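No value in this document is a laboratory result; all are computed from the given coordinates. Everything quoted here is computed from the prediction, not taken from an experiment. Neighbour counts are summed over all protein chains in view; Cβ atoms, including those assigned to glycine, are modelled from backbone coordinates with ideal geometry.
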Amino acid sequence: MVDKSRIEDTYAEAFQGIYCRLMVTADDEGTLRRAAEDATATPSIVIGRVEGGIEKWLSSEETPDKRRGALLQFWGGIDPKKPLAESVKKFETELSYRIRQDILVKPFTAVFDALPKAEGKMDMMERVGHCGDGYEWVENRYDREVIIVPIMVPDFIIERYLGYAHGVMGANFWIMCKTKEALKKAGEEALNAIHKVEGVITPFDICSAGSKPETRFPWIGPTTNHPYCPSLKAKLGEESKVPENVNYIPEIVINGVSLEAVKEAMKCGIEAALTVDDVVKVSAGNYGGKLGEYKIYLRELFP
């Protein structure tokens, strides 16, 4: 049983985004790992780009071309003041950079759609297929319509139409730790538990830099959540919100295909973190409803 007294009576904010789910395959595990990790390495939704994560690794029986693969998610923001089509177009553009710069350039890689219940489709010809400079072609392989992009190590294959759908992003919880050792172990235990939940990713993994919406430097974007910085505790005095005996506050951020999947991942991650010695309590980031339309109350995850 989880000790609810170690879970702060608060909530995490989350918001709606659009995502796609891709399978990346390669000839060998080293190339596959580099392609998957490079493509998802930079969480940058806060500066208007895309962010991604590895949902799980796939065996050769789970991929269209019978090679080892990785299931990746990529996420983009939605501008509520503009038509959805504009957000999708921007997402498609940003996604194409990740595919072109991090996957296409790795020898013998391929990309396939992995979103069976898509709300819409993006045509990869304009921003990925045309890397072939007009020499690219379309054919049917593995019962899918794919683009063959001729490159110097022949050739890159990508499914022509990639699906997108709405999901939930930005959910989070904070692990308040006494020691560096507790931070590392609790973070790893939380990630291991979360990654067993289907349909979720952790774009920052163990994140050391929780932020806040208000900032003195808006051209940077979100800046440090200063009341929760242990090194500022003495300087801030009563303004500091760092609890007694807490010296480290890592954050775990979760994106998922549904609110239910995100809640299950949060529950599993919190439960795992609380098994570690020198974890004082668990809390979460929220900003009075300024950031997102979803409020996930931590204690309600444990009825």
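Identify which of Lys82, Lys121, Lys196 has the largest mean-square fluctuation in a Gaussian network model of the chain, with springs joining Cα atoms closer than 10 Å.
Lys82
For the pairs Lys81/Lys196; Lys196/Lys281; Lys121/Lys290, note any where the Cα-Cα span goes beyond 27 Å.
Lys81/Lys196; Lys121/Lys290
What does the charge dipole of the range 215-303 about its Cα centre add up to, to the nearest 20 debye, if the Cβ of each Lys and Arg holds +1 and the Cβ of each Asp and Glu holds -1?
The calculated dipole for the range 215-303 is roughly 340 debye.
Across the range 18-165, how large is the tail of the calculated P(r) beyond 28 Å, expressed as a percent of all Cα pairs?
It works out to 12 percent of all Cα pairs.
Assuming a ≥ b ≥ c are the square roots of the Cα gyration tensor eigenvalues, decide whether the range 112-216 counts as rounded (a/c under 1.5), prolate (otherwise, with a/b larger than b/c) or oblate.
Note, shape of the range 112-216 comes out prolate.
Would you give the gap between the C-alpha center of the range 172-243 and the C-alpha center of the range 278-303, rounded to a whole Å?
Taking the Cα centre of each part, the range 172-243 and the range 278-303 sit 13 Å apart.
Quick one: which residues, 5+ away or cross-chain, put their amide H under 5 Å from the amide H of Ala165? H built at 1.01 Å from N.
For Ala165, the qualifying residues are Tyr19, Glu119.
Could you work out the helix-only [θ] at 222 nm for the chain, with each DSSP H run of four or more residues adding -39,500 (n - 2.57) and the total divided by the number of residues, to the nearest 500 deg cm²/dmol?
Rounded to the nearest 500, it is -6000 deg cm²/dmol.
Percent relative contact order of the range 18-165, based on C-alpha pairs within less than 8 angstrom and at least six residues apart? Don't jump to the answer; show the numbers that get you there.
Values: 304 pairs, mean separation 39.7, N = 148.
Worked out over the range 18-165, it gives 27 percent.
Test of the criteria: in the range 108-181, which GluC sites (Glu not before Pro) are in a DSSP loop and have at most 10 other Cβ atoms within 10 angstrom of their Cβ?
Here no loop site has a sparse enough neighbourhood.
For the chain, give the magnitude of the charge dipole about the Cα centre (Cβ charges: +1 Lys/Arg, -1 Asp/Glu; no others), in debye to the nearest 20.
740
In straight Cα distance, which aspartates and glutamates are under 20 Å from Lys295, not counting same-chain residues fewer than 8 positions off?
Here the aspartates and glutamates satisfying the reach criterion relative to Lys295 are Glu8, Asp9, Glu13, Asp79, Glu214, Glu251, Glu260, Glu264, Glu271.
Quick one: dipole size for the range 19-107, taken about the Cα centre, charges +1 on Lys/Arg Cβ and -1 on Asp/Glu Cβ, in debye to the nearest 20.
For the range 19-107, the charge dipole is close to 260 debye.
How big is Rg to Rh over the chain, alpha-carbon atoms, Rh as the Kirkwood inverse-mean-distance radius?
Value, to two decimals: 1.01.
Top mean-square fluctuation among Ala272, Ala26, Ala234, Gaussian network model of the chain, C-alpha springs under 10 Å?
Ala234
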